[in-house]
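The values are calculated or read from the model by the stated rules, or taken from the named source; none is laboratory data. These numbers were taken from a predicted model, which means no experiment stands behind them. In this analysis, Cβ positions are derived from the backbone assuming ideal geometry, glycine residues included, and neighbour counts consider all displayed protein chains.
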Amino acid sequence: MLILNEAEIRDLIDAELARPAIEGAFRALHRGEATLASVISLPFRGPEGVAHIKAGHLHDDGVWTVKVSADFDPGDGGATRHSGLMLVVSAIDGGLVGVLVDNGFLTELRTGAAGAVAADLLARRDVTTVAIVGAGSQARYQLEALLHVRSIDRVQVASRSRERARAFVDEIANLGLSARLCDSVQEAVGGAGIVVTTTPSTVPLVEADWLDAGTHVTAVGSDEPSKHELAPDVLARASVVAVDDRRQAATFGELHHAIEAGMRTEENAVTLGELLEGVAPGRVGDEDITVADLTGVGVQDAAIATLVLREGTRLQVAQLEPRGVADSPTELGRG
């Protein structure tokens, strides 16, 4: 059994490595080559928090994964505290293969990767300006992953915390990008070809009439029914609404709220897997509004956990065998 801590995991994987693995997970889910378990959510009071338990199995892999993550609001206006770990279990004999004590890093990374997959599928190729709503850790992962698929040179930031937003803007400027701290969400989304929302908001933050024609919106905050970042008319205006999983998005994603408002149906949403496999249409014209509603699915966790475990095993074997890197155990996955 391989046990890795957060520092070791960070040395093994980054946004560029994560994206192909997440694409593969969405493809497998569409093809029926993956099993996705229902999400378990446990709310906490005093301090406010929620734990999510997700599980998934990619059938080509000899392992499956259980992920436990938790988010707690410190209640003092500070950043949300994240934690988490992943258990990788043999699909052959049920034995525990790996424990990834990542403290939520892999959830952040795979969510950012999913955002990049969605933007690459749906955003215009000529986009150079992105608006990011929220200035927590996920805002940074979304931007990092997005920079691998689009030539972004300008970032407009809005956040409920002026202090965190200012710090984020400073970080962006240090990357050599133009960064602007905005006074409102409406100001931030104006002129942006991509809008990314990364908040725990329970009230809509983005209105449809604020969006320029041709904008792509990725919403990643709604991972439980009470959360809500996009006004339902944003989805109503969209020519394409893409989700990671229809049933899950219709239960607690932005799609859930649009369905309740009578502005969208589960059936006319497409999945990222369908877009990747070319069986559903994406953006047709430069004037289209497109939306990606990402609730986070267990097969993403399975894909990234298997990748980390494979890379960790290769490194471990390489350290033991001076002649070179041996193949990882076949039970970790094929291909």
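Condition check for Gly32 on (1) on the phi > 0 side of the Ramachandran plot; (2) in contact (Cβ under 8 Å) with a residue 24 or more places away in the chain: one failure, at (2).
Restricting attention to region 104-114, the residues that are in contact with a strand residue (DSSP E or B) (Cβ under 9 Å, 6 or more places away or on another chain) and either assigned to a helix (DSSP H, G or I) or hydroxyl-bearing (Ser, Thr, Tyr) (or both) add up to 5.
Right, Val241: buried (at least 24 other Cβ atoms within 10 Å of the Cβ), modelled with pLDDT of 95 or more and in contact with a strand residue (DSSP E or B) (Cβ under 6 Å, 6 or more places away or on another chain) or not? Working first, answer last.
Numbers: buried (at least 24 other Cβ atoms within 10 Å of the Cβ): yes; modelled with pLDDT of 95 or more: yes; in contact with a strand residue (DSSP E or B) (Cβ under 6 Å, 6 or more places away or on another chain): yes.
The answer is yes for Val241.
Looking only at region 204-223, how many residues end up being of a type in the set (D, E, K, R) and buried (at least 20 other Cβ atoms within 10 Å of the Cβ)? Break it down into steps so the answer makes sense when it comes.
First, the residues of region 204-223 that are of a type in the set (D, E, K, R): 207, 209, 212, 223.
Then drop every residue that is not buried (at least 20 other Cβ atoms within 10 Å of the Cβ), which leaves 223.
The total comes to 1.
Test of understanding: among Val155, Val117, which residue is buried (at least 24 other Cβ atoms within 10 Å of the Cβ), out of contact with any strand residue (DSSP E or B) (no Cβ under 7 Å at 6 or more places or on another chain) and modelled with pLDDT of 95 or more? Within the list Val155, Val117, the selection yields Val117. Here Asp153 meets each of (1) within 22 Å of Gly296 (Cα to Cα); (2) in contact with a Gly (Cβ under 9 Å, 6 or more places away or on another chain) with one exception, condition (1).
Name the residue that is surrounded by the most Cβ atoms within 10 Å (Cβ to Cβ), counting only residues in region 264-309 that are of a type in the set (D, E, K, R) and over 19 Å from the mean Cα position of the chain (by Cα). Give the derivation first.
Taking region 264-309 first, the residues of a type in the set (D, E, K, R) are 264, 266-267, 274, 277, 283, 286-288, 293, 301.
Among the residues that remain, those that are also over 19 Å from the mean Cα position of the chain (by Cα) are: 264, 266-267, 277, 283, 286-288.
Working: Arg264: 25, Glu266: 16, Glu267: 7, Glu277: 13, Arg283: 19, Asp286: 11, Glu287: 12, Asp288: 18.
Across region 264-309, the extreme among qualifying residues is Arg264.
Of a type in the set (A, V, I, L, M, F, W, C), more than 30 Å from Asn5 (Cα to Cα) and either under 21 Å from the mean Cα position of the chain (by Cα) or at pLDDT 95 or above (or both), is that true of Ala261? Steps first, answer last, please.
Values: of a type in the set (A, V, I, L, M, F, W, C): yes; more than 30 Å from Asn5 (Cα to Cα): yes; either under 21 Å from the mean Cα position of the chain (by Cα) or at pLDDT 95 or above (or both): yes.
When the stated conditions are applied, Ala261 passes them.
Among the residues of region 139-152, how many are surrounded by fewer than 24 Cβ atoms within 10 Å (Cβ to Cβ) and either over 15 Å from the mean Cα position of the chain (by Cα) or of a type outside the set (D, E, K, R) (or both)? Count: 6. Taking (1) in contact (Cβ under 8 Å) with a residue 40 or more places away in the chain; (2) small (Gly, Ala, Ser); (3) farther than 22 Å from Val99 by Cβ in turn, Ala21 satisfies each apart from (3). Taking region 1-103 and the strands (runs of 3 or more DSSP E) fully enclosed by it, the elements with 1 or more residues that are buried (at least 16 other Cβ atoms within 10 Å of the Cβ) are at 2-5, 34-36, 49-58, 63-72, 81-90, 96-101. When Val127 is tested against (1) outside any loop (DSSP other than H, G, I, E, B); (2) surrounded by 18 or more Cβ atoms within 10 Å (Cβ to Cβ); (3) β-branched (Val, Ile, Thr), exactly one condition is not met: (1).
For region 134-231, give me every one of the strands (runs of 3 or more DSSP E) that falls completely inside it and has 3 or more residues that are in contact (Cβ under 8 Å) with a residue 60 or more places away in the chain.
Values: elements: 154-158, 178-181, 194-197, 216-219.
Passing ranges, in order: 194-197, 216-219.
Taking region 232-254 on its own, how many of its residues are assigned to a helix (DSSP H, G or I) and among the polar types (S, T, N, Q)? Going through region 232-254 one residue at a time, the tally reaches 2.
Looking across region 232-260, the residues that are touching a residue at least 24 places away in the same chain (Cβ under 8 Å), touching an Asp or Glu at 6+ places or on another chain (Cβ under 9 Å) and hydrophobic (A, V, I, L, M, F, W, C) come down to Val234, Leu235, Ala238, Val240, Val241, Ala242, Val243, Ala249, Phe252, Leu255, Ala258.
Taken over region 261-311, the residue count meeting the criterion of being among the β-branched types (Val, Ile, Thr) and without any contact (Cβ under 8 Å) to a residue 24 or more places away in the chain is 1.
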